[in-house]
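Report on one structure; see the data block that follows.
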Amino acid sequence: FSEISRSRVLGNLLKNKTMEKKKYSLRFVVFCTLFCVALIASNLFEMKVVDFDYFAVTAGMLIFPISYIVNDCIVEIWGYKMAKFAIILAFTMNFLVMAMGGIAILLPSPADWGGAEHFNAVFSLAPRIAVASLTAFLIGSFLNAKVMDKMKRIHKERLFPLRSIVSTVVGECADSIIFFPIAFAGVWPVDELIKMMGIQALFKTLYEVILLPITNRVVRRLRTVEA
């Protein structure tokens, strides 16, 4: 009896290990890595302000929406739990880069090196901005994933474009509403804050709508290869 029990236990362990391997496919690792890189790069690009005469946005807007697109793909293909893992991993990696950047700034530089000021300008993200960025990302990403997951439970695999846009609107609006007041309240006038929140949320959503045909095609392909 003990031999049979041990065999069953061993068989279950091997089965569980096989299931774990299937959960973390190479494609999921690639998407998870892209999610982390998009977040880290967008925070670095926040240092650049792009002026369009009538309004201004941060250069981070060029890449930050990609994190929401990737988030949608992860929820759609691998589920909400895996999206949570990706969000927490990206949050941790971003925090690590910020912490290492802070340490690098404190390290002494050669007196004849003229790049110290520029290096510090990129990596010396003010604590207030850092808190605003991390908080907005965490809440916005979780809301995006949650809405995507809830709608998928209702529609199954149908209406992916609709689910993608609705979840992005919720996530991007939450991100803007959280980030700008924490980062710039008392620094910018209230009307400017409201204007920036609206512009950022609108443009990030339009960004995803423009890329939606590509996203939809990627999701269809992933459904086939990950089935």
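The values are calculated or read from the model by the stated rules, or taken from the named source; none is laboratory data. From a predicted model like this one, the values you see are computed outputs, not experimental measurements. Because the Cβ atoms are built from the backbone with ideal geometry, glycine has one as well, and the counts that use them run over all protein chains shown. Note: accessible area is taken over every heavy atom of the protein model, side chains too, but ligands, DNA and RNA are not part of it. Shrake-Rupley method; radii C 1.70, N 1.55, O 1.52, S 1.80 Å.
Things to note:
- Pair list, Cβ < 6 Å and 6+ apart or interchain, from segment 108-130 residues that are at positive phi to residues that are part of a loop (DSSP other than H, G, I, E, B): none
- Subset tally (residues that are assigned to a helix (DSSP H, G or I), free of Cβ contacts under 8 Å to residues at least 24 places away in the same chain and farther than 21 Å from residue 169 by Cα) for segment 41-80: 2
- Tally of residues being over 30 Å from residue 24 (Cβ atoms) and either open to solvent by 70 Å² or more (accessible area, probe 1.4 Å) or in contact with a Cys (Cβ under 6 Å, 6 or more places away or on another chain) (or both) across segment 84-115: 8
- Residue check for residue 192: part of a helix (DSSP H, G or I), touching a helix residue (DSSP H, G or I) at 6+ places or on another chain (Cβ under 7 Å) and among the acidic types (Asp, Glu): no
- Residues that are open to solvent by 10 Å² or more (accessible area, probe 1.4 Å) and charged (D, E, K, R), drawn from segment 172-186: 175
This table checks each residue for (1) at pLDDT 70 or above; (2) of a type in the set (A, V, I, L, M); (3) within 20 Å of residue 136 (Cβ to Cβ).
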| residue | (1), (2), (3) |
| --- | --- |
| 10 | no, yes, no |
| 21 | no, no, no |
| 29 | yes, yes, no |
| 33 | yes, no, no |
| 37 | yes, yes, yes |
| 53 | yes, no, no |
| 63 | yes, yes, yes |
| 70 | yes, yes, yes |
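- Counted residues, segment 136-171 - those being buried (at least 17 other Cβ atoms within 10 Å of the Cβ) and closer than 18 Å to residue 88 by Cα: 14
- Residue in segment 125-135 that is at pLDDT 90 or above, among the small types (Gly, Ala, Ser), open to solvent by less than 40 Å² (accessible area, probe 1.4 Å) and within 25 Å of residue 93 (Cα to Cα) present: no
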